[in-house]
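Accompanying notes for the structure given below.
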Amino acid sequence: MKPGVKAGIVTAAVVVVLMLIVFVVVIVNQNGKEPPTSDGSAPSAPVQRENSHVLDDGGEGAITVVEFLDFECEACGAFYPIVEDLRAKHDGKITYVVRYFPLPGHLNSRNAALAAEAAAQQGRLDDMYRELFETQAEWGEAQESRADVFRGFAEQLGLDMPAYDKAVADPATTARIDVDFNDGQALGVDSTPTFYVDGEKLQLQQFDDLENAIKAALETQ
C-alpha cells in the first residue's frame, strides 16, 4: 500500500472516531441527561415527573424540593412540622413536590397513599396530606386496615364521596402510586423521608439539614 493512501485511511479513521466522541458528548449533555442504555431505556428514573404532585409552585426560578414520603412513617411525621415551616418561610421561592413511597413494613401506608391520591384527583391533596400527618399518632402502626378512618377524613374535608370511593377502588390509582414508588427504588430511595433539592439527593443527618440545603440553594441563585 502506498504511503499516501495509508495516511489517508488513518486520517479518515481518526475523523470517524472524533465524530463518534462528539456524538456521545452531545448525547450525554443533552438536557443534562445521560445517554440511554443499549435497550433504549433511561439509565435511571426521574426525580420528578410531569404529573408529580406539586404542593407549592414557586414559579420560574424557584428551587425545587422533592420529598419521597410514607404517611405512616414516624420520621416523616417528625419532619412534617419542619416541612410546613419551610414551606411558609420560603413561600414563592421553592416548588415543593411530594411523591409516594409507602414502605412495605407499614400496614396502612398504602391505604393512606390511596386516600391522598383519591383526594388529589379532586384537587385536595394538600388538605389530605395535612390531615394524614396531623393524625398519624391515632392510626399509625395499627395492625388492621384504617381505610375507613381515611374515608372519614375525606368526608370531613367535604370530598365527593362516590368519586372518592371509585378512585380508591380504581387500579389506576394504585398504578399512580406505584409509579412514584418504582421511581424511588430506581433512584436508590430506601427510607423515608428522602429529599431532593434541585435534583440532588440530600443525606439527612440532622433535622436542620433540609433547611440548610434550601438556604444554600437559594444563595447560589
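The values are calculated or read from the model by the stated rules, or taken from the named source; none is laboratory data. Keep in mind the model is a prediction, meaning the values are calculated, not measured. A quick note on method: Cβ atoms are made from the backbone with ideal geometry, for glycine too, and the neighbour counts reach across all protein chains shown. All accessible areas refer to the heavy atoms of the entire protein, side chains included, with ligands and DNA or RNA removed. Shrake-Rupley method; radii C 1.70, N 1.55, O 1.52, S 1.80 Å.
General remarks:
- Given (1) under 20 Å from Leu114 (Cα atoms); (2) free of Cβ contacts under 8 Å to residues at least 24 places away in the same chain; (3) in a helix (DSSP H, G or I), index of the condition Gly158 fails: (3)
- Flag for Gly92 being open to solvent by 40 Å² or more (accessible area, probe 1.4 Å) and free of Cβ contacts under 8 Å to residues at least 12 places away in the same chain: no
- Among residues of segment 163-190 that are within 11 Å of Pro46 (Cα to Cα) and open to solvent by 50 Å² or more (accessible area, probe 1.4 Å), those with a beta-carbon under 6 Å from a residue that is outside any helix (DSSP H, G or I) and at pLDDT below 95 at least six positions away or on a different chain give the pairs Ala186/Ser44.
- Filter result for Glu131 (among the acidic types (Asp, Glu), open to solvent by less than 80 Å² (accessible area, probe 1.4 Å), closer than 17 Å to Glu72 by Cβ and at pLDDT 95 or above): yes
- Number of the exception - Arg146 against (1) surrounded by fewer than 18 Cβ atoms within 10 Å (Cβ to Cβ); (2) more than 23 Å from the chain's Cα centre (by Cα): (1)
- Residue satisfying condition, being out of contact with any Lys or Arg (no Cβ under 9 Å at 6 or more places or on another chain) and under 22 Å from Ala154 (Cα atoms), within set Ala119, Ala75: Ala119
- Single residue of segment 198-221 satisfying the filter (closer than 16 Å to Asp85 by Cβ, among the aliphatic types (A, V, I, L, M) and touching a residue at least 40 places away in the same chain (Cβ under 8 Å)) that is most open to solvent (accessible area, probe 1.4 Å): Leu218
- Test: residue in segment 71-85 that is farther than 18 Å from Ser52 by Cβ, touching a His at 6+ places or on another chain (Cβ under 6 Å) and open to solvent by less than 20 Å² (accessible area, probe 1.4 Å): yes
- Of the criteria (1) touching a residue at least 40 places away in the same chain (Cβ under 8 Å); (2) open to solvent by 50 Å² or more (accessible area, probe 1.4 Å), which one Leu107 fails: (1)
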